[in-house]
Each structure stands twice: as C-alpha cells, then as structure tokens.
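**Student:** So that we are looking at the same thing, I have put the structure below in structure tokens.
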Amino acid sequence: MSGDVSDPLVGEVLLCRYRVSRFLAKGGMGAIYLARNEGAAGFVRPVVIKRILPDLIGDELTAKLFAREARIMSNLRHPGIVSVLEFAYEGGAYIMVLEYVHGFHLGRWYRFIKRSGSHFPVQLAVHIVISVLDALHYAHTLKGADGKELNIIHRDIKPSNILIDVDGH
C-alpha cells in the first residue's frame, strides 16, 4: 500500500460523498486516507477515512474490533479527541469517517525540531502532556447515559497518535 495513485481507493467516492484524495498511513488493522466530503453547491470539507486493510477484509475478529472502536469513539466528545463523523459498511468493509486535523502528529513534529538543531521547549512539552492526560482522563472516566462507567482504556498512546493542529491545539 503505497501513497500514490496506484492505490485502488485513491479517487474513489465512498458512501456517495467522500472522495478519497490520498493514502496517509497504515496501522494494525486499518488504512488511513485523506478524503473530501463533497456536498451540494460546491461544498467541500476535508475528512479522514479509516478502512479495514484489504488483507483483513472478511476476517470476523477484525470486523468486530473495528466496529467496537467506532462504537467507543462515538461516545467521546472532547476537544482533545478526534470525532467519528460516520460509520458504515461499503464494498465489503467497514469505513470510519473521522474529523480532519490540519496539522502533524507529535512524532513528525519532534523529528523536525531535532533535524533543525533546535530543542523541544519544556513548556510546550508539559502543555502537550497535560492536554493528552486531560483527554485520557475524560475517556477513562466517561459514564454512559445510564450512569455506569464505560471502562474505556486507550491502549495505543504514541507520538504518531497525538495530533497537533497548526494552531497548536
């Protein structure tokens, strides 16, 4: 799965309104794409599409885990957590449509600072850690409509999963 136009999903329209622009990344069970929500009268908004990897389509456990991830994320409403906009099944695979964050992940940002010979500002590092901990605390202590804890535990905190937008959020 490269990032070029030879990727079969690039250029495709999913769910009648999301045009896949380019491949962004690949994770354990899903591929991430930049896409455009295309609507009436020239309306266009960037989104991110997460789709089960082609070689895992049809795997029942992967499908269950992907659907579980979407259900969990649909409960989360926090400024430090990317929102799920839509979840659907098309072309034999589940598709998650996510909010687009215009920026970079922390790992890429850190590599840029290191290559430029700069130091990562301590105040900024503390701010990022506090923001991530605030989002994790929210998710880990979230209760459902019935008042019961949802017992959400994020198991994949790493620099590439921490997004920083161009405004520093």
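The values are calculated or read from the model by the stated rules, or taken from the named source; none is laboratory data. All of these numbers come straight from a predicted model, not from anything done at the bench. Methodologically, a virtual Cβ is constructed for each residue, glycine included, from the backbone with ideal geometry; neighbour enumeration extends over all protein chains shown. Heavy atoms of the whole protein, side chains included, go into the accessibility calculation; ligands, DNA and RNA do not. Shrake-Rupley method; radii C 1.70, N 1.55, O 1.52, S 1.80 Å.
**Student:** From the residues in region 29-52 that are of a type in the set (Val, Ile, Thr) and in contact (Cβ under 8 Å) with a residue 40 or more places away in the chain, which one is farthest from LYS64 (Cα to Cα)? Explain how you work it out, then say what you get.
**Tutor:** In the first step, residues of region 29-52 are kept if they are of a type in the set (Val, Ile, Thr); the result is 32, 44, 47-49, 52.
After this cut, where a residue has to be in contact (Cβ under 8 Å) with a residue 40 or more places away in the chain as well, the list is 47-49, 52.
On the way: VAL47: 23, VAL48: 21, ILE49: 18, ILE52: 11 Å.
That would be VAL47.
**Student:** On to the next question. Take the residues in region 1-49 that are out of contact with any Ser or Thr (no Cβ under 8 Å at 6 or more places or on another chain), assigned to a loop (DSSP other than H, G, I, E, B) and aliphatic (A, V, I, L, M), then tell me which one is surrounded by the fewest Cβ atoms within 10 Å (Cβ to Cβ).
**Tutor:** VAL5
**Student:** Kindly establish whether ALA135 is more than 15 Å from the chain's Cα centre (by Cα), open to solvent by less than 70 Å² (accessible area, probe 1.4 Å) and in contact (Cβ under 8 Å) with a residue 40 or more places away in the chain.
**Tutor:** On the way: more than 15 Å from the chain's Cα centre (by Cα): no; open to solvent by less than 70 Å² (accessible area, probe 1.4 Å): yes; in contact (Cβ under 8 Å) with a residue 40 or more places away in the chain: yes.
No; evaluated as a whole, the condition is false for this residue.
**Student:** Please go through region 99-122 and pick out each residue that is open to solvent by less than 80 Å² (accessible area, probe 1.4 Å) and either touching a helix residue (DSSP H, G or I) at 6+ places or on another chain (Cβ under 8 Å) or farther than 21 Å from TYR138 by Cα (or both). Before the answer, list the steps.
**Tutor:** Taking region 99-122 and keeping what is open to solvent by less than 80 Å² (accessible area, probe 1.4 Å), we get 99-101, 103, 105-107, 109, 113, 116-118, 120-121.
Correct list: GLY103, HIS105, LEU106, GLY107, TRP109, ILE113, SER116, GLY117, SER118, PHE120, PRO121.
**Student:** Only residues that are within 22 Å of VAL10 (Cα to Cα), open to solvent by 30 Å² or more (accessible area, probe 1.4 Å) and not small (Gly, Ala, Ser): list them for region 50-65, please.
**Tutor:** The answer is LYS50, ARG51, PRO54, ASP55, LEU56, ILE57.
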